[in-house]
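Student: Got a structure for you, questions after.
The values are calculated or read from the model by the stated rules, or taken from the named source; none is laboratory data. The model shown is predicted, which means the values in this text are computed figures rather than measured ones. Cβ placement follows ideal geometry from the backbone for every residue including glycine, while neighbour counts extend to all protein chains displayed. Surface areas here come from the heavy atoms of the whole protein model, side chains and all, with no ligands, DNA or RNA. Shrake-Rupley method; radii C 1.70, N 1.55, O 1.52, S 1.80 Å.
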Amino acid sequence: MNQENYECLKLDNQLCFPLYAASREILRLYTPFLSPLDLTYTQYIVLMVLWEKENMTVGELGKKLFLDTGTLSPLLKSMEKKNLVKRERAKQDERVVTIAITQEGMSLKEKAREIPLKVGNCLKVSPEEAEQLYRILYKILGVDK
């Protein structure tokens, strides 16, 4: 069999693998900063969105975070048990669920303020490289930034 026909199957030739591995590494870096707040990374990014806009639908949140409702529903349920968010069905349409941040969820904003800088200091890329990577990753996601 001709090996040249299988070059596309080599791990070293895959764009997806370093993206996957880098994503896992970034999540690992966040863990020691989020653990004292009793947050997972996914809970943290939900809070980041709600710190900007205190109330939105699950659909809007999912679109912003690139997460489907099957992933969001159990996540939001666990956050509600921690009193970080409140879920409510819309009065005009029972199928629509709105999410609002609670006072307790809002109080974590100050405690989390230094996390992006701390994680950024752990990365081995320059600010210019980080900005370039940011633009490229959003381009892959189909979002103009």
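Student: Out of V85, V96, I need the residue that is in contact with a strand residue (DSSP E or B) (Cβ under 8 Å, 6 or more places away or on another chain) and at pLDDT below 95. Which one?
Tutor: V96
Student: Here are some conditions: (1) farther than 25 Å from L137 by Cα; (2) open to solvent by less than 100 Å² (accessible area, probe 1.4 Å); (3) out of contact with any Lys or Arg (no Cβ under 8 Å at 6 or more places or on another chain); (4) among the basic types (K, R). K53 meets all but one. Which one does it not meet?
Tutor: Unmet for K53, out of (1) farther than 25 Å from L137 by Cα; (2) open to solvent by less than 100 Å² (accessible area, probe 1.4 Å); (3) out of contact with any Lys or Arg (no Cβ under 8 Å at 6 or more places or on another chain); (4) among the basic types (K, R): (1).
Student: Kindly provide the set of residues from the stretch 95-106 that are assigned to a helix (DSSP H, G or I) and surrounded by 11 or more Cβ atoms within 10 Å (Cβ to Cβ), ordered by number. Working first, answer last.
Tutor: Residues of the stretch 95-106 assigned to a helix (DSSP H, G or I): 103-106.
Listed by number, the residues that qualify are E104, G105, M106.
Student: Now for a different question. Tally up the residues in the stretch 50-80 that are under 16 Å from R113 (Cβ atoms) and of a type in the set (A, V, I, L, M, F, W, C), please.
Tutor: The qualifying residues number 2.
Student: Right, here's the next one. Return yes when V119 is in contact (Cβ under 8 Å) with a residue 12 or more places away in the chain and either closer than 23 Å to Y44 by Cβ or assigned to a strand (DSSP E or B) (or both) and no when it is not.
Tutor: Numbers: in contact (Cβ under 8 Å) with a residue 12 or more places away in the chain: yes; either closer than 23 Å to Y44 by Cβ or assigned to a strand (DSSP E or B) (or both): yes.
Taking the combined requirement at face value, the residue satisfies it.
Student: For the stretch 77-94, how many residues are assigned to a helix (DSSP H, G or I), in contact (Cβ under 8 Å) with a residue 12 or more places away in the chain and over 18 Å from K109 (Cβ atoms)?
Tutor: Looking only at that region, the number is 1.
Student: Then there's this: For the stretch 5-12, check the following and say yes or no: at least one residue is polar (S, T, N, Q) and touching a residue at least 24 places away in the same chain (Cβ under 8 Å).
Tutor: Checking the stretch 5-12: not a single residue is polar (S, T, N, Q) and touching a residue at least 24 places away in the same chain (Cβ under 8 Å).
Student: Any idea how many residues of the stretch 1-30 are surrounded by 12 or more Cβ atoms within 10 Å (Cβ to Cβ) and either more than 26 Å from the chain's Cα centre (by Cα) or among the β-branched types (V, I, T) (or both)?
Tutor: Looking only at that region, the number is 1.
Student: Okay, moving on. Restricting to the stretch 122-134, count the residues that are part of a helix (DSSP H, G or I) and either touching a residue at least 24 places away in the same chain (Cβ under 8 Å) or under 18 Å from F33 (Cα atoms) (or both). Quick ask: steps written out before the conclusion?
Tutor: Quick first cut of the stretch 122-134, residues part of a helix (DSSP H, G or I) only: 122, 127-134.
Restricting the remaining residues to those that are either touching a residue at least 24 places away in the same chain (Cβ under 8 Å) or under 18 Å from F33 (Cα atoms) (or both) gives 122.
Within the stretch 122-134, residues that are part of a helix (DSSP H, G or I) and either touching a residue at least 24 places away in the same chain (Cβ under 8 Å) or under 18 Å from F33 (Cα atoms) (or both) number 1.
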